[in-house]
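Structure record follows, encoded as structure tokens.
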Amino acid sequence: MRGTITRHTPKNGKPTFGYYFVAGRDANGKRIQETKSGFAKKSEAEEALRKAIEARGEAPTLPQKAPTFREFFERWDRECFSRECAPKTSERYRELAVYAFKLFGDTPIDQIQTMQLAEAVNQLSDHGGRITKAHPKGRPLKPKTVRHIAFLVQGCLQQAAVCVVFGNSVFGAVQFSGLAPGFVGLWQINVQIPSNAPTGNAVSVYVVLGGIRSNSVIMSIQ
């Protein structure tokens, strides 16, 4: 997080100094800008800016609620595979997702457990199809269909595990996510900046980890 020192020179009187910096974005994606003026010296404004940025970094953040599987899948659809896949492929993904929605669509994505997924696969295999007189709980789904559903759910959960978003809409390909070699307690994420990422001196970037969005940072992308 960086800031800018400003100077105001009135027609009569001594110049004064101030600062401003972008402290992140609100829930609607709008920039939060902090400003202060009236310092007699530039050094005073610089020191106040440094303390303000430090205070902002130490301020506690409100806990965020993880999206449900359905909510995250719909965003993954809107911002990722529907942009990269053929229309028929995207439509097939949506058809398969309906089966998963029935089982855990309203479950927060960070609360989906391995055993729950295994039970869901078994349920789809046994009674995932249409209800008939011969199968009042539902017809068994074909093994191929069940595999495709499982692969789709796995891909969605992997995307939710960790992803980096540029400009609130473009997903970057995460190449590494884990503890940084040689550092204690430092988590490192290597991401490839996508070709369609927004450019400029103030691009918003944030990380989604386990379905939870981090605070945004502003960076320059040329």
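The values are calculated or read from the model by the stated rules, or taken from the named source; none is laboratory data. Since the model is a prediction, treat every value here as computed from it, not as a measurement. Here Cβ is always computed from backbone atoms with ideal geometry, including for glycine, and neighbour counts include all displayed protein chains.
Summary table below
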| item | result |
| --- | --- |
| Condition check for residue 174: modelled with pLDDT of 85 or more, within 23 Å of residue 109 (Cα to Cα) and assigned to a strand (DSSP E or B) | no |
| The lone exception for residue 81 - which of (1) modelled with pLDDT of 90 or more; (2) touching a Phe, Trp or Tyr at 6+ places or on another chain (Cβ under 8 Å) it fails | (1) |
| Of residues in the range 89-132 being loosely packed, with under 15 Cβ neighbours inside 10 Å and among the β-branched types (Val, Ile, Thr), the one modelled with the highest pLDDT | 98 |
| Where a residue in the range 107-120 is in a strand (DSSP E or B) and its partner, wherever it lies, is not acidic (Asp, Glu), with Cβ under 9 Å and at least six apart | 108/65; 108/66; 108/67; 108/68; 108/69; 108/211 |
| Checking residue 173 against (1) farther than 20 Å from residue 24 by Cα; (2) touching a Pro at 6+ places or on another chain (Cβ under 8 Å); (3) surrounded by 13 or more Cβ atoms within 10 Å (Cβ to Cβ), the condition it does not meet | (3) |
| Failed item in (1) at negative phi; (2) modelled with pLDDT under 80; (3) assigned to a loop (DSSP other than H, G, I, E, B), with residue 168 passing the rest | (1) |
